[in-house]
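These notes are about the structure you will find just below.
The values are calculated or read from the model by the stated rules, or taken from the named source; none is laboratory data. All of these numbers come straight from a predicted model, not from anything done at the bench. Note that we place each Cβ from the backbone using ideal geometry, even for glycine, and neighbour counts take in every protein chain shown. Just so you know, the surface numbers come from the protein's heavy atoms only, side chains and all, with ligands and any DNA or RNA stripped out. Shrake-Rupley method; radii C 1.70, N 1.55, O 1.52, S 1.80 Å.
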Amino acid sequence: MKTFFGEVTFALLRYRYFFPFVVFACILVFFIAYRRYRGISKLSSVKRRSYLVTHFSIAKLFLKTFLLMVGCASLFIVFLRPQWGAIEQTIEQEGRDLFIALDVSRSMLAQDKKPDRLTFAKQKIKQLVGTLKSERVGLVIFSGSALVQCPLTVDYGAFYLFLNQIDAETISSGTTALDQVIKKIIDIFARAPARKNKLLVILTDGEDFSSNLTKVREQAREVGVHIFTMGIGTPEGAPVPVVDDEGRQHGHQKNEQGEIVISRLNEGILRSLSAESGGTYVRASEGDADINELVRMVQQFEKEKFEDKTVPTLQERYPIFAVIAFICFLLEWLL
């Protein structure tokens, strides 16, 4: 809403539905005052009224009525919380740098997690980010190679936007290489050596065809990258669907003997990877226990200060109307 104040907004505009009650209250106050005026008018003529009704004043009567009506209207505006006049406010930001790596290899289309591992993992990521407060998060997708999908940010809306773009069409035709995603994170954190805490959460089914995982794990330990892993899938496993470029399924993947390939959760490599880097492993579950465990572990690390952020903030103006309402009710009571 634009006024001579500039752009005016109401933080609690949902209370606007009480406006008819305010109008009714004002009409009722005016009607009572008018009835009183009519009653006094019938007692006598104007010349003799002051003798019959001590201290009666028509002007005072309507002034009190006006004050009550203005007071009620001002009180209603207070509840709407009007705001205008933007000011620059500096917000100090602190938290932890946390990269989340999502496996997008073909095995993540297996359906031992509903509706499939990839979608289930994305839901877990949203749950994790939503539970963590004030952390700076980044998103990496990987299979045979790793790609930064979203750099470190405190803008969770942007993070979710990148995450939602990942679907069956994003699935790589290659196999999983855990060493590639860890190496990518090591390279990123190498550009910020002053950071105390370097955290990585990997969501994968654990199938790994790395050629250099042992060396990369040692490098991660040396530079202080703490790796947390979440296993997506079940030990019993499920067939791996074959999908076309448009994400439509056409049967299941088969090996050279023509047998359907079963993809199983490999927890051993994930437990080892986390244990050696000072992190922890959790198996993804239907409930919240897995996320709560990850959050608990991440929050054990010390927060660090990010760059201060300057944001425009509208000033609260409801105190002005609160003062007007108080003055109106006080004057009405004194008259």
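For the reader, a short list of remarks on this structure follows.
- With a requirement of 2 or more residues that are over 16 Å from Met230 (Cβ atoms), the strands (runs of 3 or more DSSP E) lying completely within the range 90-204 that satisfy it span 136-142, 146-153.
- Residue list for the range 153-166, restricted to those being open to solvent by less than 50 Å² (accessible area, probe 1.4 Å) and of a type in the set (A, V, I, L, M): Ala158, Leu163, Ile166
- Hits in the range 119-146 (condition: open to solvent by less than 30 Å² (accessible area, probe 1.4 Å) and either among the hydroxyl-bearing types (Ser, Thr, Tyr) or touching a residue at least 60 places away in the same chain (Cβ under 8 Å) (or both)): Phe120, Ala121, Lys124, Ile125, Leu128, Leu132, Glu135, Ser143
- Residues (open to solvent by less than 80 Å² (accessible area, probe 1.4 Å), more than 30 Å from Ala194 (Cβ to Cβ) and either free of Cβ contacts under 8 Å to residues at least 40 places away in the same chain or part of a helix (DSSP H, G or I) (or both)) located in the range 254-303: Asn255, Gly258, Val261, Ile262, Glu267, Gly268, Ile269, Ser285, Gly287, Ala289, Asp290
- Residue that is modelled with the highest pLDDT [pool: residues in the range 304-321 that are under 20 Å from Gly224 (Cα atoms) and surrounded by fewer than 16 Cβ atoms within 10 Å (Cβ to Cβ)]: Glu304
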